[in-house]
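Encoded as structure tokens, the structure appears first; notes follow it.
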Amino acid sequence: MKCPHCDAMLPFILCSECKREIPEKSLYCCWCGNTITVKEEESDFSKRLLCSDGSCIGVINEDGFCSICKKPYAGEPM
């Protein structure tokens, strides 16, 4: 999708109703008015693996280390 002002390429998604391009984080389709729903995997916090250090608020990244304190995960194997 191109910006109407500067012709730069913008990230887009397709409306599930009319199948036209709309800006990526739209809440409604600018063409048909359809409500755009957030994908469940983007908002599902229950799948996070919390840091095993009891005083840290970080989550374990895909490499097995805390995103805040950088300590390796000390719980069950991933």
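With respect to the numbered conditions (1) aliphatic (A, V, I, L, M); (2) at pLDDT 90 or above; (3) part of a loop (DSSP other than H, G, I, E, B), which one is the sole condition not fulfilled by VAL38?
Here VAL38 clears every test but (2).
Could we say that CYS32 is in contact (Cβ under 8 Å) with a residue 12 or more places away in the chain and surrounded by 14 or more Cβ atoms within 10 Å (Cβ to Cβ) here?
No.
I need every pair where a residue in the stretch 1-22 that is surrounded by 10 or more Cβ atoms within 10 Å (Cβ to Cβ) has its Cβ under 6 Å from the Cβ of a residue that is of a type in the set (D, E, K, R), sequence separation at least 6 or different chains.
Every condition considered, the pairs that remain are MET1/GLU21; PHE12/GLU21; PHE12/GLU24; ILE13/GLU24.
The values are calculated or read from the model by the stated rules, or taken from the named source; none is laboratory data. Remember, it's a predicted structure, so these values are computed and weren't measured experimentally. Reconstructed Cβ throughout: ideal geometry from the backbone, glycine too, with neighbour counts over all protein chains shown.
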